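*Asks:* Take a look at the following structure, please.
The values are calculated or read from the model by the stated rules, or taken from the named source; none is laboratory data. The shown structure was predicted, so the numbers you read here are calculated from the model rather than taken from an experiment. So basically every Cβ, Gly included, is an ideal-geometry build from the backbone, and we count neighbours across all protein chains shown. Please note that ligands, DNA and RNA were not included when accessible areas were found on the heavy atoms of the full protein model with its side chains. Shrake-Rupley method; radii C 1.70, N 1.55, O 1.52, S 1.80 Å.
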Amino acid sequence: MATKQQTQSAGDPSCAPPLAASAEPVTPEVPWTGDPLEAPITIEGVPPVDELIATMRSYLPDVEQEIVRRAYAFAARSHDGQVRKSGEAYFGHPVDVAFLLTRLRLDSASICAGLLHDVVEDTTVSVDEIGRRFSREIAEIVDGVTKLDKIKFSSREQKQAENFRKMLVAMSKDIRVLLIKLADRLHNMRTLEHMKPDAQRRIAQETLEIYAPLANRLGVGWMKGQLEDLCFRHLHTDDFEKLNQEVGRRQSERQAYVAEVVDILRNIMTEEGLQHASVYGRPKHLYGIWRKMQQSKLPYDQIYDAQGFRILVDDVRECYQALGAIHTHFKPIPGRFKDYIALPKPNRYQSLHTSVIGPGAERIEVQIRTAQMHRQAEEGVAAHWKYKERGDSLKVRDEERFAWLKQLLEVHVGVKDTDEFLDSMKIDLFSDEVYTFTPRGDLKVLPRGSTPVDFAYAVHSAIGDHIVGARVDGHMVTLRHQLRNGAIVEILTRTDAHPSSDWLEFVVTARAKTRIRNYVHAEQRQRALEVGADLLEKAFRRVKYSIARAQAHERYGKMLAHFRIAVWEELVVAVGYGRVDATDVVANLLPDLTPEEHKEEPKPAKRPRKTDGGGPAITVSGFDDVMVRMGNCCAPVPGEPIVGVVTRGRGITVHRRGCHFVLDADPMRRLECEWNSESKTGTTVGVRVYSENETGLLAAMSAKFTEAGVSILSANCRVIDGHRALNDFEVVVHNLAQLQGILASLGRLRGVTRVERVRS
Ligand code: MN
């Protein structure tokens, strides 16, 4: 038997994996020669695989029974020895899930995945192994279900629930993953009484907020109804029991009445020539009745249309015909007629609803629909599976699956508000967003490309301001790490940590950008204040004056006006940023002092920022115009990595990145600087050349400088120990490449023994 099936499946490229098939030698005499893990198996209390296959065959004539048998046996052995909280064999759970999936008329791969859905989570079997033993398709579905299982929903907030549902949709690239997850949840809800009370509540709440609406969104009516009633039972146990008894009691009381109404409706249909219409009484699900009672604040016996009736006819025309007949016989209740055929619900539900004053002056609700609409209402997304005439795999391509879901969301137009609709569309399956979680399970929806810094700011600005690192799913990551869907992000903070302007390069959320910019700006303003106050104090002290006296001076207001500044603090900041010179402030306020006194100390010697062309040589992040001078200790050359240091009384000094001065400086005083590539400003650099004492060598050297476009400011050449020469040049270079070029070409001159850059 096994032989025949294997031959069959080998011919169909869509099923059994080549590895598993070839690993099993086939001998007609031996019933099973494959992997002992997959040998046929029966477990007490669990429906046998034959029953499952028979059920599948009812809608799937070409069921791939060989692979289903193997999945059944493999799952049975993998879960061997595990028991559920109820004491039953664990394996009963995946088998029941598989049966639920047959109600959705799912394909063989989905049924196998249903059987195997807890194998990866609960046993040592890996997704890869599932792939090798069964198929990649099955492995991917199992993997998807396992991933969804890992996400816990904790917040009760409505918005969060909606996001969570969208996330589930976005994360399951294959709609079958969602359906298996729903079946899994339904079965867990059915066996919930074996859990502890607080777990019962948590799971029921999550189901009511996430999974029941999801089943509704997918249009699977029976699942939604069952999930809701089970949640109702666990969340409002007293109300549930009371209502259940009441409905039961009245049901038996009213059986005669229901039978009478069904009879009358049938007669009406026959009179209309719709004798093929099927009519039946339909007890409403308890949660629906209870909700109606809550909303209307009425007791059960006053909820008249708790008893529903349903009429199934052949086509849309007959739906309206049946409606007309009912409205002719019974008085319709105004405002209760709903035409979901002309205006389907977002989940594609179609039906006519009406409430009428029925026999005995009781209000009854009647739903009229076609068999096709009924199938849509009960099966939703599953109503659209199309199986080929022969071959039983689900041949709906991914695009079609997505298109279907997209359409589902598109029906939102005109049904819900625009924001909600746009939101749904945006989420869809090709999401621009990532769904991430705090360690407590709170959902944070962030734009794609978001980093732990964005996440931290999304949680709280104080967390963003003090982030020093992050762990994603337990692993340390860099701050620029891009978060993925489902990531659980733990932010590490330190109270003395602060935002850095570097972060602006990689953060994507507006919130993070604004916060970082504000912080950096405030911080730099603070530095400017310190520097400016220092410079002004010195400038005034030089002329035996003080800031206090200056502020009391009669020209004080005029002086501020001269610099177009409103308040003293702004003047201090302007001086700190280098926009206003401290000596100019003194000169303006005290014009009677002799010019010599102002010029007592020359302005900083090298201020290469404003020369002939191209604006400042250096831009300091966050500033347009800052007073900058080069550090004498390392004389950085354009192109070299640099860093600025705020020096009291001297503004910002720029150093090479590795300079000891920077390393020694207080990190709080460091500033990010960049060379302005537009700038043509040169920098003075010292170059020392060791050479033979040869005539003509000095000329050759200066020729090299000229060739390279490097101008010489000074040259100091002297002979040491008779035959060797030491040549010190002060030259102006424009960038690092130019400097390296000239050092190299000097080094190649015959007679030159060594060339080095020195402090000027
Ligand atoms: Mn499960």
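*Asks:* How many residues are over 15 Å from Glu694 (Cβ atoms) and not hydrophobic (A, V, I, L, M, F, W, C) if we restrict to region 722-747?
*Replies:* 9
*Asks:* List every residue pair whose Cβ atoms lie under 6 Å apart, where the two residues are 6 or more positions apart in sequence or sit on different chains, the first residue falls within region 86-99 and is farther than 13 Å from Arg185 by Cα, and the second residue, located anywhere, is open to solvent by less than 10 Å² (accessible area, probe 1.4 Å) and within 11 Å of the ligand (Cβ to nearest atom).
*Replies:* Listed pairs, sorted by first residue: Tyr90/His79; Phe91/His79.
*Asks:* So in region 89-128, with the set limited to residues that are within 17 Å of Glu51 (Cβ to Cβ) and open to solvent by 30 Å² or more (accessible area, probe 1.4 Å), which one is farthest from the ligand (Cβ to nearest atom)? Walk me through it before giving the result.
*Replies:* We begin by selecting, within region 89-128, every residue within 17 Å of Glu51 (Cβ to Cβ); these are 89, 91-103, 105-106, 108, 111-112, 114-115.
With open to solvent by 30 Å² or more (accessible area, probe 1.4 Å) added as a condition, the list becomes 89, 96, 99, 103, 105.
Values: Ala89: 14, Asp96: 10, Phe99: 13, Arg103: 17, Arg105: 20 Å.
Result: Arg105.
*Asks:* OK, next. In region 79-108, which residues are assigned to a loop (DSSP other than H, G, I, E, B) and closer than 23 Å to Leu192 by Cα?
*Replies:* Hits for region 79-108 are His79, Asp80, Gly81, Gln82, Arg84, Lys85, Ser86, Gly87, Glu88, Tyr90, Phe91, Leu104.
*Asks:* Do you know which of the residues in region 297-334 that are at pLDDT 85 or above and in contact with a helix residue (DSSP H, G or I) (Cβ under 7 Å, 6 or more places away or on another chain) is surrounded by the fewest Cβ atoms within 10 Å (Cβ to Cβ)?
*Replies:* His329
*Asks:* Read through the list (1) surrounded by fewer than 18 Cβ atoms within 10 Å (Cβ to Cβ); (2) at pLDDT 85 or above, then give the number of the only condition that Gly696 fails.
*Replies:* If we test Gly696 against (1) surrounded by fewer than 18 Cβ atoms within 10 Å (Cβ to Cβ); (2) at pLDDT 85 or above, just (2) comes out false.
*Asks:* List pairs: first in region 260-277 and farther than 15 Å from Asp315 by Cβ, second at pLDDT below 90 and of a type in the set (Val, Ile, Thr), Cβ under 8 Å, 6+ apart or cross-chain?
*Replies:* What qualifies is Val261/Ile364.
*Asks:* Right, here's the next one. Residue check: is Arg69 within 16 Å of the ligand (Cβ to nearest atom), touching a residue at least 24 places away in the same chain (Cβ under 8 Å) and among the basic types (Lys, Arg)?
*Replies:* no
*Asks:* Starting from residues that are at pLDDT 85 or above and part of a strand (DSSP E or B), keep the ones in region 734-760 and report whichever is most open to solvent (accessible area, probe 1.4 Å).
*Replies:* Only one residue fits best here, namely Arg754.
*Asks:* Please verify whether region 55-66 includes one or more residues that are farther than 29 Å from Gly380 by Cβ and either assigned by TED's automatic domain parsing to the domain that holds Asp174 or within 15 Å of the ligand (Cβ to nearest atom) (or both).
*Replies:* Residues of region 55-66 farther than 29 Å from Gly380 by Cβ: 66.
Applying the additional criterion that residues be either assigned by TED's automatic domain parsing to the domain that holds Asp174 or within 15 Å of the ligand (Cβ to nearest atom) (or both) yields 66.
Checked region 55-66: at least one residue is farther than 29 Å from Gly380 by Cβ and either assigned by TED's automatic domain parsing to the domain that holds Asp174 or within 15 Å of the ligand (Cβ to nearest atom) (or both).
*Asks:* Still on this structure: Just checking, does region 39-46 include any residue being within 15 Å of the ligand (Cβ to nearest atom) and surrounded by fewer than 24 Cβ atoms within 10 Å (Cβ to Cβ)?
*Replies:* Yes, the conditions are met somewhere in region 39-46.
*Asks:* Go through (1) open to solvent by 10 Å² or more (accessible area, probe 1.4 Å); (2) in contact with a Ser or Thr (Cβ under 9 Å, 6 or more places away or on another chain); (3) within 15 Å of the ligand (Cβ to nearest atom) for Asp143 and report which single condition fails.
*Replies:* Of the numbered conditions (1) open to solvent by 10 Å² or more (accessible area, probe 1.4 Å); (2) in contact with a Ser or Thr (Cβ under 9 Å, 6 or more places away or on another chain); (3) within 15 Å of the ligand (Cβ to nearest atom), the odd one out for Asp143 is (2).
*Asks:* Follow-up question, since we're still on this one. I'd like to check which helices (runs of 4 or more DSSP H) are fully inside region 109-213 and have at least 3 residues that are modelled with pLDDT of 85 or more.
*Replies:* In region 109-213, 127-133, 136-150, 175-190, 197-206 are the helices (runs of 4 or more DSSP H) which contain 3 or more residues that are modelled with pLDDT of 85 or more.
*Asks:* Which condition number in (1) surrounded by 15 or more Cβ atoms within 10 Å (Cβ to Cβ); (2) farther than 30 Å from Glu537 by Cα; (3) hydroxyl-bearing (Ser, Thr, Tyr); (4) at pLDDT 80 or above is the one that Thr653 fails?
*Replies:* Thr653 satisfies all of (1) surrounded by 15 or more Cβ atoms within 10 Å (Cβ to Cβ); (2) farther than 30 Å from Glu537 by Cα; (3) hydroxyl-bearing (Ser, Thr, Tyr); (4) at pLDDT 80 or above except (2).
*Asks:* On the basis of being more than 16 Å from the ligand (Cβ to nearest atom) and outside any helix (DSSP H, G or I), does Gly219 make the cut?
*Replies:* yes
*Asks:* Within region 69-88, how many residues turn out to be open to solvent by less than 10 Å² (accessible area, probe 1.4 Å) and touching a helix residue (DSSP H, G or I) at 6+ places or on another chain (Cβ under 6 Å)?
*Replies:* Residues meeting the conditions: 6.
Conditions tested, residue by residue: (1) away from the ligand (no atom under 15 Å from the Cβ); (2) open to solvent by less than 10 Å² (accessible area, probe 1.4 Å); (3) in contact with a helix residue (DSSP H, G or I) (Cβ under 6 Å, 6 or more places away or on another chain); (4) within 16 Å of Lys284 (Cα to Cα).
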| position | (1), (2), (3), (4) |
| --- | --- |
| Leu182 | no, yes, yes, no |
| Leu208 | yes, no, yes, no |
| Lys224 | yes, no, yes, yes |
| Arg233 | yes, no, yes, yes |
| Val247 | yes, no, no, yes |
| Arg250 | yes, no, no, yes |
| Ala256 | yes, no, no, no |
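*Asks:* Related question: Could you look through region 710-733, keep only residues that are of a type in the set (Gly, Ala, Ser) and touching a helix residue (DSSP H, G or I) at 6+ places or on another chain (Cβ under 9 Å), and pick out the one that is least open to solvent (accessible area, probe 1.4 Å)?
*Replies:* Looking only at region 710-733, we keep the residues that are of a type in the set (Gly, Ala, Ser), and these are 711, 714-715, 722, 725.
If we keep only those that are touching a helix residue (DSSP H, G or I) at 6+ places or on another chain (Cβ under 9 Å) as well, we get 711, 715, 725.
Working: Ser711: 62, Ala715: 64, Ala725: 10 Å².
Top of the filtered list is Ala725.
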